[in-house]
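Below you'll find the structure, written out as structure tokens, and then a few comments.
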Amino acid sequence: PVTLVIILTGFLFNLIGFFISLIFIVLGSMLLFVFARNIKETFNLNLNQFFNKKINLKKITTNNYSILISRYILPYFFHNIYFGLENVKIKRFLIVITFAEIPMIYALNSVGMSLNMLVKNYKISFLDIIFDINFYVPFIIMIIIFVVINYLKKNFKIGL
């Protein structure tokens, strides 16, 4: 559902939709992160007790790259809850997810802007939209992100 909302904000608000989507996604992530952190402190949860002792979750989750890559692999809800339960500093978490979200939000927002242009100007053909730099560059960005994620899932057995 987040993808459709981002495309819709691009359609309705053009470039401002990018900033609206980014703000709301980061704000929602922060709220879930803080909620999970409060749950952890209230119930004194330790995620390592649920896994084999050979897996050091703290070492894996303290890496900025793991936060960034897992943002594309895990659903947002689970991603935010998981890192809220781990001992990740909120400032670092928010910075990393902001940088992780920028390419995808930009790409989806640009698709929405292109659809808006197509709807408003009936003289523009679908091929004009496809060959427009504002459409195919974000589309290429999305394809690259999906290819990298699928490669990581396949070769490193990451995912759900």
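The values are calculated or read from the model by the stated rules, or taken from the named source; none is laboratory data. Please read these numbers as outputs of a predicted model, since none were measured by experiment. All Cβ positions, even for glycine, are placed from backbone atoms using ideal geometry, and neighbour counts span all protein chains on display. The area values use the complete protein model at the heavy-atom level, side chains included, leaving out ligands, DNA and RNA. Shrake-Rupley method; radii C 1.70, N 1.55, O 1.52, S 1.80 Å.
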For this session: Using the structure shown, decide if Ile140 is assigned to a helix (DSSP H, G or I) and either open to solvent by less than 40 Å² (accessible area, probe 1.4 Å) or closer than 30 Å to Leu32 by Cα (or both).
Result: no
Exercise. How many residues are open to solvent by less than 50 Å² (accessible area, probe 1.4 Å) and at pLDDT below 80 when one looks only at segment 49-85?
Worked result: 2
For this session: Quick one: Ile102 ticks every box in (1) surrounded by 15 or more Cβ atoms within 10 Å (Cβ to Cβ); (2) in contact (Cβ under 8 Å) with a residue 60 or more places away in the chain except a single one, so which number is it?
Result: (1)
Exercise. From the list Ile124, Ile130, Ile149, which residue is within 17 Å of Ile7 (Cα to Cα) and of a type in the set (Val, Ile, Thr)?
Worked result: Ile130
Exercise. Taking interchain pairs and intrachain pairs at least six residues apart, which have beta carbon atoms under 8 angstrom, with the first residue in segment 111-122 and free of Cβ contacts under 8 Å to residues at least 12 places away in the same chain and the second open to solvent by less than 50 Å² (accessible area, probe 1.4 Å)?
Worked result: Leu118/Ile124; Leu118/Ile129
Problem set entry | Residues being touching a residue at least 60 places away in the same chain (Cβ under 8 Å) and not aromatic (Phe, Trp, Tyr) - total across segment 76-99 | 4
